[in-house]
Every structure is written in C-alpha cells, then in structure tokens.
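A short worksheet on the structure shown next.
Bear in mind these aren't lab numbers, they're just calculated from the coordinates by the rules spelled out. The structure displayed is predicted, hence computed values, not measured ones. Ideal geometry is used to build each Cβ from the backbone, glycine not excepted, and the neighbour counts take in all protein chains shown.
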Amino acid sequence: MQKKTFLLFSLLLFILLPALALALTPGQKINLFSGKDLDGNTIDMSRLVGKKPVMLVFWASWCPSCREEVPKINKLYEKYRKQGMEFIGINVGYNDSVTKARAFVKKTGMAYPVIFDKRGKISRMFAVQGVPTVFVTDRNGVVRFKNYGLPTMSDSDFRKLLAD
C-alpha cells in the first residue's frame, strides 16, 4: 500500500511541478496580452501597464465560488476604479461558452469588463490552476497579490498601489 501511495504522490508531483514552476508569484512581472471583451472592445495590457494597477479575475460560469466572489469584487471595483485601478475579468474558456459567460455576467451583475479566453492562451500564460484566481499588479505589471478568490489586501494596501 505504501508503494502505491508513493507512486501516486510521485506521479502527481511529476505532473504538477512544471505547472507550478510556470506559475506567476508576487514580485514577478506579468506577460502582456490583449483580448476582446464581450462587447467586442479590445483590452490591451500594454496600454495599462506603466499607467495603472490592475486586478485580473480568472473565472468560469460553472464555478460556484466565482459566483460568490462577484459581489465582493464589484465592491472593490466601485471603490478603486475611480481612484485609477483597472479590473478585468477573464473567463478561462474551459468547458464554457461566450453565451454562458454573458448569462453569468448578467445574472451576477459583474461590473467590470470580461475577456473570453476561448483557447485558454491567457490562462496558460498565467498558469491558472483553478478558478477563481485573482492577480493584483502594480502599475508596472509586477504581481503584488495572487490568491484563489477575493484579495485579502487591506485598504492601505490598495491605497499604496494607487499612490506608487
């Protein structure tokens, strides 16, 4: 039994280590990307990095935790966008569709723009392992926070990001 457990653990480690090695962590700079929001407008990170801190929220319409996070992130959006922070939702595209994404946005009242990552390119770029995953970057595109859900950042943390 111990040998089977060891083999299973080894196999999981072999599978997960490459993905974990690629995962962005606080202190690393994000790769720039662009995509179309659900209304067809282009969102280009090269136009934001260097100007604004950004919160990226990776989600899916089938994710119950994502549904619970939307009202909380909407509150952050209402509070901090006026102060210069950008918020972008990114539907991971896995087992999802634009139609389902639109229905989710409407049903939850998601206030921030959403990119539908049809082929998962952006999600792979950020090595997203589950949803919701939230990244907060400073205005230079350096990751300052990463979590599976709502940022546990204080108001002073957000103010510092906006002031830098």
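Which one of these is of a type in the set (Lys, Arg) and in contact with a strand residue (DSSP E or B) (Cβ under 8 Å, 6 or more places away or on another chain): 146, 100?
Going through 146, 100 in turn, just one is of a type in the set (Lys, Arg) and in contact with a strand residue (DSSP E or B) (Cβ under 8 Å, 6 or more places away or on another chain): 146.
Looking only at segment 61-93, filter to residues that are out of contact with any helix residue (DSSP H, G or I) (no Cβ under 6 Å at 6 or more places or on another chain) and of a type in the set (Ser, Thr, Tyr); which one of those is surrounded by the most Cβ atoms within 10 Å (Cβ to Cβ)?
Ranking the candidates gives 77 first.
List every residue pair whose Cβ atoms lie under 6 Å apart, where the two residues are 6 or more positions apart in sequence or sit on different chains, the first residue falls within segment 145-163 and is over 15 Å from residue 76 (Cα atoms), and the second residue, located anywhere, is of a type in the set (A, V, I, L, M).
The qualifying pairs are 147/134.
Any residue in segment 153-164 that is in contact with a helix residue (DSSP H, G or I) (Cβ under 6 Å, 6 or more places away or on another chain) and buried (at least 18 other Cβ atoms within 10 Å of the Cβ)?
Yes: one or more hits.
Among the residues of segment 108-126, write down those that are in contact (Cβ under 8 Å) with a residue 24 or more places away in the chain, over 22 Å from residue 52 (Cβ atoms) and surrounded by fewer than 18 Cβ atoms within 10 Å (Cβ to Cβ).
Listed by number, the residues that qualify are 109, 118, 119, 120, 121.
Which condition from (1) touching a residue at least 40 places away in the same chain (Cβ under 8 Å); (2) not in a helix (DSSP H, G or I) is the one that residue 67 breaks?
Looking at each condition in turn, residue 67 falls short on (2).
Looking at (1) in contact (Cβ under 8 Å) with a residue 60 or more places away in the chain; (2) over 13 Å from residue 58 (Cβ atoms); (3) of a type in the set (Val, Ile, Thr), which one does residue 131 not meet, given that it meets all the others?
Checking residue 131 against (1) in contact (Cβ under 8 Å) with a residue 60 or more places away in the chain; (2) over 13 Å from residue 58 (Cβ atoms); (3) of a type in the set (Val, Ile, Thr), the one that fails is (2).
In a loop (DSSP other than H, G, I, E, B) and in contact with a helix residue (DSSP H, G or I) (Cβ under 9 Å, 6 or more places away or on another chain), is that true of residue 110?
Yes: the conditions hold for residue 110.
Within segment 127-153, which residues are more than 13 Å from residue 54 (Cα to Cα), part of a loop (DSSP other than H, G, I, E, B) and touching a Lys or Arg at 6+ places or on another chain (Cβ under 9 Å)?
The answer is 149, 150, 153.
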